Amino acid sequence: MLNDILIVDNDRRLRFEIEQTISKMDLAGNNIYQASNGKEGLKILQQKSVDLILTDINIPVMNGLEMLGQLRSDPMLPNVPTIVISSRRDSKLLKAITSCG
């Protein structure tokens, strides 16, 4: 069981649907945090410990790749398993995601 999960997506409805799906599957034990952009996501990660991040790539203010890059390069932030949500499907994106940090 995952205790705490962070969902980062600018679509409020999609964040809600993901949270509802996780809740129905009993995957999260304690908290599901939500952020609408990468900057908010990093702020939550600096304050809370999470076991899993679900993030979109195309989000405003700080996109998902920028957030992952900062997360992976900051020794004060833990290396949290991440699932990337994106409608894009290309080899450049896959390479960028896997090389963050």
For residues that are basic (Lys, Arg) and outside any loop (DSSP other than H, G, I, E, B), scanning just the range 34-93, find the one that is modelled with the lowest pLDDT.
LYS92
Hey, could you check the range 43-60 for residues that are within 12 Å of LEU71 (Cα to Cα) and either crowded, with 19+ Cβ neighbours inside 10 Å or not hydrophobic (A, V, I, L, M, F, W, C) (or both) and say which is nearest to the chain's Cα centre (by Cα)?
ILE53
Just give me the residues in the range 8-33 being in a loop (DSSP other than H, G, I, E, B) and either touching an Asp or Glu at 6+ places or on another chain (Cβ under 9 Å) or crowded, with 17+ Cβ neighbours inside 10 Å (or both), in sequence order.
ASP9, ASN10, ASP11
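Quick grid of which residues meet (1) in contact (Cβ under 8 Å) with a residue 12 or more places away in the chain; (2) touching a helix residue (DSSP H, G or I) at 6+ places or on another chain (Cβ under 7 Å):
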| site | (1), (2) |
| --- | --- |
| GLN20 | no, no |
| ASP26 | yes, no |
| ASN31 | yes, no |
| SER49 | yes, no |
| ILE59 | yes, yes |
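The values are calculated or read from the model by the stated rules, or taken from the named source; none is laboratory data. Keep in mind the model is a prediction, meaning the values are calculated, not measured. Here the Cβ is made from the backbone with ideal geometry for all residues, glycine too, and neighbour counts use every protein chain on show.
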